[in-house]
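Trainee: Sharing a structure below in structure tokens format, with a few things to ask.
Derivation of every value follows stated rules applied to the coordinates shown; laboratory data play no part. Everything numeric in this text was worked out from a predicted model, so none of it was measured. A quick note on method: Cβ atoms are made from the backbone with ideal geometry, for glycine too, and the neighbour counts reach across all protein chains shown.
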């Protein structure tokens, strides 16, 4: 029997506050890392571990409170906590820029021989001013500090190279397979108060500006007035986040047919009952929601941004970012043309079959770790 690839190595996985894709990705690769023979420790906010249960996947967990946004005092404490956790480690893998910033500083201060891998899951948020300039400088310093930068999409990889990263590789993040639906579509639709002839449009994702829900509400107002869609579809959004109160107030003020469901653990049931999934994001790399929708055989309307065109190909209706008219028209077209919806479903299943699975994603990480740890020369030493 072959010796485990990472036998007796100590690997640290680091992430900031996460309620979605990054936490899901880290949890999904842990079994393969543990099976490779490594001792794996996950470092991140306690609330994130409570949500994803990293220790249940064979890893240990060390709380390091890395917030989603810049917080100098808290970041300094996080650096010190991670510095202690890195003692005796062989490799630290930071998932996301915020985790990477803390990990690079902790390695520099206390573990210079530890290898650093950085995965970029997201682009910098839109905006300008001092905050943007600080983030840009932090991004440049962090990608240059990493031994290897893994990018979830081609545009992130190109940006990392432009910023001076030494070794940049494309590493698509695969969405874990969703479990089968546990309820019949009719039961789900009844719970949501839907009549048989009314369409159900599902969106899944954090209530955050990046996700473009303000544009979605603009589009809902437009297609609700469209005589081709009668009755107007019900839109349900599964997810929580900082925009909850703002979106709720607007839905009520404009009497929009939209229901905010909060965080849900029955996304497979919602997708099985849906006529359409919509993803109005301002930016995405390899959206887990998009992958889940196509695998579930649900037609998808999404924005043409980030890594979505390369992920989806011609298997979804793609519209410009921020264009409510185009979004509304695409939704109306899919819901009113059953043949077109069926074509999208079939194309989506073919496209999904071409994606790497969780095992492939994890195997790629094990290979990269082994490559970095198989040499005696360590750039940070």
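Trainee: Can you tell me which of 87, 141, 328 moves the most in a GNM of the chain? Springs connect C-alpha atoms under 10 Å apart.
Mentor: Between 87, 141, 328, it is 87 that shows the largest mean-square fluctuation.
Trainee: Tell me, 333, 338 in order of fewest to most beta-carbon neighbours within 10 Å?
Mentor: Fewest to most other Cβ atoms nearby, the residues stand as 338, 333.
Trainee: Restricting to Cα atoms and excluding each atom paired with itself, what does the Kirkwood estimate give for region 185-353 in Å?
Mentor: Values: mean 1/r = 0.0638 Å⁻¹.
Result for region 185-353 stands at 15.7 Å.
Trainee: Once a ≥ b ≥ c are taken as the square roots of the eigenvalues of the Cα gyration tensor of region 224-277, is the result rounded (a/c under 1.5), prolate (a/b larger than b/c) or oblate (a/b not larger than b/c)?
Mentor: Oblate, since a/c reaches 1.5 and b/c is not below a/b.
Trainee: Let me ask another. Which residue fluctuates most in the GNM of the chain (Cα springs below 10 Å): 76, 274, 99?
Mentor: Greatest mean-square fluctuation among the candidates belongs to 76.
Trainee: Using only Cα atoms and rounding to the nearest 10 degrees, what angle (0 to 90) does helix 244-254 make with the longest principal axis of the chain?
Mentor: On a 0 to 90 degree scale, this one is about 10.
Trainee: For each of 60, 17, count neighbouring Cβ atoms within 10 Å of the residue's Cβ, then give the residues from fewest to most.
Mentor: The fewest-first ordering by Cβ neighbours comes to 60, 17.
Trainee: Moving to a separate point now. Of 43, 277, how do they rank once you tally other Cβ atoms within 10 Å and put the fewest first?
Mentor: 277, 43
Trainee: For residue 225 and residue 310 in the same chain, what is the full-extension length gain: residue separation times 0.36 nm, less their Cα-Cα distance, in nm? If you can, show how the numbers build up before the last one.
Mentor: On the way: separation 85, 0.36 × 85 = 30.60 nm, distance 3.32 nm.
Result: 27.3 nm gained on full extension.
Trainee: Follow-up. Between region 120-137 and region 303-381, how many Å separate their Cα centres?
Mentor: Using only Cα atoms to place each centre, the spacing works out to 24 Å.
Trainee: Here's a follow-up. Any idea how far apart residue 249 and residue 339 come out in nm if each label point goes 7 Å out from Cα toward Cβ?
Mentor: 4.8 nm
Trainee: How far is the Cα center of region 209-269 from the Cα center of region 1-68, in Å?
Mentor: Region 209-269 and region 1-68 have Cα centres spaced 34 Å from each other.
Trainee: Using a Gaussian network model of the chain whose springs link C-alpha atoms within less than 10 Å, name the residue from 281, 89, 153 with the highest mean-square fluctuation.
Mentor: Greatest mean-square fluctuation among the candidates belongs to 89.
Trainee: Would you calculate the separation in nanometres between label points at residue 357 and residue 7, each defined as 7 Å from the Cα along the Cα-to-beta-carbon direction?
Mentor: 2.8 nm
Trainee: Okay, next question. What ratio of Cα Rg to 2.2 N^0.38 Å holds for region 282-373?
Mentor: 1.28
Trainee: Nearest 500 deg cm²/dmol is fine: what mean residue ellipticity at 222 nm does the chain get from its DSSP H runs of n ≥ 4 alone, each adding -39,500 (n - 2.57), divided by its residue count?
Mentor: Roughly -13500 deg cm²/dmol at 222 nm, from the helical runs in the chain.
Trainee: Would you mind checking the tilt of helix 21-35 against the longest principal axis of the Cα atoms of the chain, expressed as 0 to 90 degrees and rounded to 10?
Mentor: For helix 21-35, the angle is close to 50 degrees.
Trainee: What label, among (1) 20.6, 66; (2) 21.6, 69; (3) 23.3, 78, belongs to Rg and Dmax of the Cα atoms in Å computed from the structure on display?
Mentor: Among (1) 20.6, 66; (2) 21.6, 69; (3) 23.3, 78, the one calculated here is (2).
Trainee: For helix 213-224, what angle does its Cα long axis make with the longest principal axis of the chain, in degrees from 0 to 90 and rounded to 10?
Mentor: 10 degrees
Trainee: To continue, here is another question. Once you sort the root eigenvalues of the Cα gyration tensor of region 39-89 as a ≥ b ≥ c, which label holds: rounded (a/c under 1.5), prolate (a/b larger than b/c) or oblate (the other case)?
Mentor: Oblate shape, in that a/c is at least 1.5 and b/c is the bigger or equal ratio.
Trainee: At a Förster radius of 30 Å, what calculated FRET efficiency corresponds to the Cβ-Cβ distance of residue 158 and residue 134, to the nearest 0.05?
Mentor: About 0.85, to the nearest 0.05.
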